[in-house]
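Chemist: My questions all concern the structure below.
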2 protein chains.
Amino acid sequence: MSSFRNISTQRVSAQSIMEAAICTLVTQFKTYAGKDGSSSTLSKDEFQNLVTSELPNYVKNASDPVVIEQLMGSLDENNDGELTFYEFWQLIGKLASKQGGFTQ
Amino acid sequence: MSSFRNISTQRVSAQSIMEAAICTLVTQFKTYAGKDGSSSTLSKDEFQNLVTSELPNYVKNASDPVVIEQLMGSLDENNDGELTFYEFWQLIGKLASKQGGFTQ
């Protein structure tokens, strides 16, 4: 989308709180996605690690492989066993929506 | 989704960095959405305020009403002139994706 800045080639304002939060989510996704295989997608193990460590209050029973399997299956739109950033974003959108009390 | 915790009725672990970031995005959305009309959706004015103040490095020319009009039109899936949290989430997902260098 042409109205989005390419921040690497523009002079930047101070980072806002919202921009910092977006940055955090991107960085954390990359940290977990980089552990094995493709560094831009989450394998099932990477996904389980991320959910267990980073979403302990939002996803219950994350240490149960069946829970992770089901959750991953519900997100993996193209069913390739890896979660893209977009697929992951939809999960945290649902968690955020629930947390905020919004109906979809 | 039944595997998502209802955090208000569960004992909670310490908030992770990722959970704090999600919380920030929800809180900021609510702050801007609460300024006029429906407190759960962004009007065009609220959206422009949010983008100008909170996404200064990610969206260029946000003070131009035409840019805001186009951006809002591209997000407002049901064309009611208000952005829901879900519609807003899709925007920041695109910004995050671009920032992380992911292809959709």
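Chemist: Per residue of region B:77-85, in order, report the coupling 6.51 cos²θ - 1.76 cosθ + 1.60 (Karplus, θ = phi - 60°) as ³J(HN,Hα) in whole Hz, putting x for Gly and Pro.
Modeler: Along region B:77-85, the couplings run 4, 9, 6, 9, x, 10, 9, 7, 4 Hz.
Chemist: Then there's this: Return the long-range amide H neighbours of A:V59 (sequence gap of 5 or more, or a different chain), with a cut-off of under 5 Å between placed amide H atoms.
Modeler: The answer is B:R5.
Chemist: Once phi is turned into ³J(HN,Hα) by the Karplus curve 6.51 cos²θ - 1.76 cosθ + 1.60 with θ = phi - 60°, what whole-Hz value does each residue of region B:15-28 show in order, with x for glycine and proline?
Modeler: For region B:15-28, the Karplus curve yields 5, 7, 4, 5, 5, 5, 5, 4, 4, 4, 5, 5, 4, 5 Hz.
Chemist: Hey, another quick one. Look at the axis of the rotation that sends chain A onto chain B, then give the chain A residue with the nearest Cβ and the distance in whole Å.
Modeler: A:A21, 2
Chemist: Can you give the mean number of other chain Cβ atoms that lie within 10 Å of the Cβ atoms in peptide B:84-92? Display every interim value, and only then the final one.
Modeler: Numbers: counts 4, 8, 8, 0, 3, 9, 4, 2, 8.
Partner Cβ neighbours, averaged per residue: 5.
Chemist: What's the angle, to the nearest 10 degrees (0 to 90), between helix A:65-75's Cα axis and the longest principal axis of chain A?
Modeler: 50 degrees
Chemist: Mind checking the mean number of beta-carbon atoms from other chains within 10 Å of the Cβ atoms in A:52-64?
Modeler: 5
Chemist: Moving to a separate point now. For the protein assembly as shown, what Kirkwood radius comes out of the mean inverse Cα-Cα distance, in Å? Please list the in-between numbers first.
Modeler: Details: mean 1/r = 0.0564 Å⁻¹.
By the Kirkwood definition, the hydrodynamic radius is 17.7 Å.
Chemist: Across 10 Å bins from 0, what is the distribution of all Cα-Cα pair distances for region B:39-104, in whole percents?
Modeler: 22, 56, 22, 1
Chemist: Within region A:15-99, how many lysine pairs that are 8 or more places apart, or on different chains, have C-alpha atoms less than 19 Å apart? Don't skip to the answer; put the middle values down first.
Modeler: Values: A:K30/A:K44; A:K35/A:K44; A:K44/A:K60; A:K60/A:K94; A:K60/A:K98.
For region A:15-99, the number of qualifying lysine pairs is 5.
Chemist: Can you tell me which of B:S16, B:S40, B:S53 moves the most in a GNM of chain B? Springs connect C-alpha atoms under 10 Å apart.
Modeler: The residue with the greatest mean-square fluctuation here is B:S16.
Chemist: So what are the ³J(HN,Hα) numbers for region B:55-60, from phi and the Karplus equation (6.51, -1.76, 1.60; θ = phi - 60°), rounded to whole Hz, Gly and Pro as x?
Modeler: 10, x, 8, 9, 10, 8
Chemist: Helix A:44-54: angle to the longest alpha-carbon principal axis of chain A, degrees 0 to 90, nearest 10?
Modeler: 70 degrees
Here, each number is a calculation from the coordinates, and none is a lab measurement. On a predicted model such as this, the values are computed, not experimentally measured, just so you know. With ideal geometry, Cβ positions are generated from the backbone for all residues, glycine too; neighbour counts draw on all protein chains shown.
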